[in-house]
Amino acid sequence: MSLEQDLRDRSGNVCELSGSTEDLDIYAVPNSPDLPEVETHIFISETCRMQLEDKAAIDPNHWRCLNDSMWSMVPAVQVVAYRMLHQLRAEGWPQDLLDMMYMEETVKDWAKAGISDETETKGVVHRDSNGVVLEAGDSVVLIKDLKVKGSSMVAKQGTAVRRISLDHENEKYIEGKVDGQQIVLVTDYVKKI
C-alpha cells in the first residue's frame, strides 16, 4: 500500500487537523524521529499546509480546529497540534488548550524538538518590572494601584492577574482580567508570580 493510501485510510479521507475534505495532501512533520513514514506524516488540507509553511499566512481563528484534533490518537497529529498551539499561545485560548493537552513523554519531546526552530519571538519580548520575561498564560501581581482609563475602577496593588495575554505590537502592554473586567496593563507595573 502507498503512504497516501495509508494516510487516507487512517484519516477517513479528511484533514487530520481541521477535518476539511478539500485539497488534501501528505505533510511530513519536521524534526521527526526515525520512525516508519506513516508515523511521521499526516494528511492535511492545503489551507493548513499553507499556514504551517508560511508564518505570515497564519489565521489564528482557523486553528481553533485544534480544540478537537489535539485529542487525536496519532502522535504526529499531536505533535503538529502542540507546535501550532505553542506558536499561537499569545492569543490566550491556545494556552488553555496546551494546559489541557495530554501527550506521552516521548511524543512531547518530539513536539518540543521542533519548537525552537519553528517559533520566533518577532523581536517583541515582554518583561515585568524586574526584567523577568513574561509569556502568555503567566500570572502577574500589580506592584502599585492603577486607575483604569475610561472607568472609575482602581486596580489595587497586590491584585493577582492570571493567564495574561501579550500585545504582539508593543512589549509594554499585556492584557488580563481584574475584577472580571479585561484590561490592558503596562508591564512596568506588574511582577511575575
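The values are calculated or read from the model by the stated rules, or taken from the named source; none is laboratory data. Fair warning: this is a prediction, and the values are worked out from it, not measured in the lab. Don't worry about glycine lacking a Cβ; one is built from the backbone with ideal geometry, like all the others, and counts go over all protein chains shown. Heads up: the accessible areas ignore ligands, DNA and RNA and are worked out on the full protein's heavy atoms, side chains in. Shrake-Rupley method; radii C 1.70, N 1.55, O 1.52, S 1.80 Å.
Key figures
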{"quantity": "Selection count where residues are surrounded by 17 or more Cβ atoms within 10 Å (Cβ to Cβ) and not in a helix (DSSP H, G or I), scope region 27-48", "calculated": "8"}
{"quantity": "All helices (runs of 4 or more DSSP H) inside region 73-158 with 2 or more residues being of a type in the set (A, V, I, L, M, F, W, C), under 10 Å from the mean Cα position of the chain (by Cα) and under 30 Å from Ile26 (Cβ atoms)", "calculated": "75-88, 93-100"}
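Each row is one residue, and each column tells you yes or no for (1) within 21 Å of Asp188 (Cβ to Cβ); (2) open to solvent by 60 Å² or more (accessible area, probe 1.4 Å); (3) touching a Lys or Arg at 6+ places or on another chain (Cβ under 6 Å).
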| position | (1), (2), (3) |
| --- | --- |
| Pro94 | no, no, no |
| Met103 | no, no, no |
| Lys112 | no, yes, no |
| Val132 | yes, yes, yes |
| Val141 | yes, no, yes |
| Lys156 | yes, yes, no |
